[in-house]
Amino acid sequence: MSDYTTADIESSELDKRDVRALVEYMTTLEVAPDVYSVTTESGAEYTVDARDGRCSCPDAKHNLPTEDGREMCKHRARVAFAEGERAVPAWVDRDAVDEQLGIHVDGTPQVAATDGGVIDAGDEGVILDEDEGDDGRPEDCECAPCLGELPCWACYREGFDIPNPDVVDE
């Protein structure tokens, strides 16, 4: 079970299914092009067809679309966040998001930046000058020019709001 609850990142900007897609532990595996197996923290397994926008879960079968037009269950939302098709809002508490988001898929989760800036902080939380130390990018950085102004999930998880400037077009 996750140490965080949906209340940790609830907002009027995210639907409750989106919040659960980010907070709950789920394993997302691509089993065929645009077809995913999503296993939830309860052990239930569902098949998500991202191309056709379908999921085998009971919520998708019985409750969707909702009266307000929602068509995506939490499993489809999880796939969209994991593959980087939907950006995680910048205001979301990074500690509340399942740390394995996107770990088993080819895509890279993306995070929407609020101002495009970044503040590098040392171990004591002191703001560092640009000259002090390295930039602290994680070893699993997957920033790519194709992500535009968004950092990869590994960099966002470490507190970076902009892509790694050391990445070059190949």
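Could you list, ordered by first residue, the pairs with Cβ atoms under 8 Å in which the first is in the range 86-105 and within 17 Å of Thr27 (Cα to Cα) and the second is of a type in the set (Ser, Thr, Tyr) and in a loop (DSSP other than H, G, I, E, B), at least 6 apart or interchain?
Ala96/Tyr4; Asp98/Ser2; Asp98/Tyr25; Gln100/Tyr25; Gly102/Thr108
Would you check if there is a residue in the range 116-135 being among the acidic types (Asp, Glu), at pLDDT 80 or above and over 18 Å from Ala82 (Cα atoms)?
No: zero hits.
With the requirement that a residue be surrounded by 15 or more Cβ atoms within 10 Å (Cβ to Cβ) and either over 14 Å from Ala21 (Cα atoms) or in contact (Cβ under 8 Å) with a residue 60 or more places away in the chain (or both), what does the range 38-59 give you?
The answer is Thr47, Asp49, Ala50, Arg54, Ser56.
Given the options Tyr36, Tyr4, Tyr25, name the one that is at pLDDT 90 or above and either over 24 Å from Ala144 (Cβ atoms) or assigned by TED's automatic domain parsing to the domain that holds Cys146 (or both).
From the options Tyr36, Tyr4, Tyr25, the qualifying one is Tyr25.
Is one or more of the residues making up the range 138-146 at pLDDT below 80 and either surrounded by 14 or more Cβ atoms within 10 Å (Cβ to Cβ) or farther than 22 Å from Tyr25 by Cβ (or both)?
Yes, because at least one residue in the range 138-146 is at pLDDT below 80 and either surrounded by 14 or more Cβ atoms within 10 Å (Cβ to Cβ) or farther than 22 Å from Tyr25 by Cβ (or both).
I'd like to verify a number: residues in the range 45-75 that are in a strand (DSSP E or B) and among the aliphatic types (A, V, I, L, M), how many?
1
The values are calculated or read from the model by the stated rules, or taken from the named source; none is laboratory data. Being a predicted model, the structure only gives us computed values, none of them experimental. Neighbour counts are summed over all protein chains in view; Cβ atoms, including those assigned to glycine, are modelled from backbone coordinates with ideal geometry.
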